[in-house]
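Participant: Take a look at this one; I'll ask things after.
The values are calculated or read from the model by the stated rules, or taken from the named source; none is laboratory data. Since we're looking at a predicted model, the values are computed, not measured. Using ideal geometry, Cβ is built from the backbone for each residue, glycine included, and neighbour counts are taken over all protein chains shown. Note: accessible area is taken over every heavy atom of the protein model, side chains too, but ligands, DNA and RNA are not part of it. Shrake-Rupley method; radii C 1.70, N 1.55, O 1.52, S 1.80 Å.
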Amino acid sequence: ETDGRTGTLERTETGQQTGRPRLYRVLLLNDDYTPMDFVVRVLTRYFRKSGAEAELIMLAVHHKGQGVAGVYTRDVAETKVAQVTAHARREGHPLMAVAEPEP
Ligand code: TYC
């Protein structure tokens, strides 16, 4: 069977997936209310960024509207989105994260 992404045979006789898994970007979206230092702490805690890299990503999101926090397999990406969203709501911030497949 032809895979839509790679155009190659990607399944075994038993239907198991083979080859590289599709990767998903976790995006942070800008808003007017979440404090900058909270976003930096999210990036260091959940996405294992250094303080300097977290600051750069946060500022890119602030100025451009969205930015890539990390790239993961689907399950990991969806877990990060759920963890970040839960943490932000617990702390009373509207911060939004979404996962989207890499082209
Ligand atoms: N725009 C926010 C502010 O001025 C900061 C911010 C950055 C919010 C990135 C969300 O994903 C975000 N306090």
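Participant: Just tell me, in residue order, which DSSP H segments of the chain are both 18 angstrom or longer along the helix axis (alpha-carbon based) and at least -1.0 in mean Kyte-Doolittle hydropathy.
Facilitator: Values: long enough: 51-64 (19 Å, 0.42); 74-90 (24 Å, -0.75).
Once both thresholds are applied, what remains is 51-64, 74-90.
Participant: Based on the alpha-carbon set only, what is the convex hull volume of the range 21-103 divided per residue, in Å³?
Facilitator: Working: hull volume 6.5 nm³, N = 83.
Taking only Cα atoms, the range 21-103 has a hull volume of 78 Å³ per residue.
Participant: Which whole-number percent is the relative contact order of the range 33-103 (Cα, under 8 Å, 6+ apart)? Don't skip to the answer; put the middle values down first.
Facilitator: Numbers: 43 pairs, mean separation 20.1, N = 71.
The value is 28 percent.
Participant: Okay, next question. Averaged per residue, what accessible surface does the chain expose to a 1.4 Å probe, in Å²?
Facilitator: Numbers: 6720 Å² over 103 residues.
Counting only protein heavy atoms, the per-residue value for the chain is 65 Å².
Participant: Another question, then. Tell me which trypsin sites (Lys or Arg not before Pro) from the range 3-103 have a DSSP coil assignment and no more than 16 other beta carbons within 10 Å of their own.
Facilitator: Details: sites: 5, 11, 22, 25, 41, 45, 48, 49, 64, 74, 80, 89, 90; in loops: 5, 22, 48, 49.
Passing sites in the range 3-103 are 5, 22, 48.
Participant: Scanning the chain for GluC sites (Glu not before Pro) in DSSP loops with at most 14 other Cβ atoms within 10 Å, what's the longest stretch left with none? The partial results should precede the final answer.
Facilitator: Details: sites that count: 1, 13, 91.
Counting at most 14 other Cβ atoms within 10 Å as exposed, the longest clean stretch of the chain is 14-90.
Participant: Compute the distance in nm between two label points, each set 7 Å from the Cα along the Cα-to-Cβ direction, one at residue 53 and one at residue 16.
Facilitator: 3.2 nm
Participant: Now for a separate question. Out of the total accessible area of the range 19-91 (probe 1.4 Å, heavy atoms of protein only), what percent is carbon and sulfur? Write down the numbers at each step before the final one.
Facilitator: On the way: 2290 of 4480 Å².
Reported share for carbon and sulfur atoms: 51 percent.
Participant: Further, regarding this structure: Rounded to the nearest 20 debye, what is the charge dipole size of the chain about its Cα centre when +1 sits on each Lys and Arg Cβ and -1 on each Asp and Glu Cβ? Kindly include the intermediate steps, with their values, before the conclusion.
Facilitator: Details: 14 positive and 14 negative charges, 46 e Å.
It comes to approximately 220 debye.
Participant: How long is the gain from residue 90 to residue 63 if the chain were fully straight, where each residue apart is worth 0.36 nm and the alpha carbon distance is subtracted?
Facilitator: On the way: separation 27, 0.36 × 27 = 9.72 nm, distance 2.54 nm.
Roughly 7.2 nm would be gained on extension.
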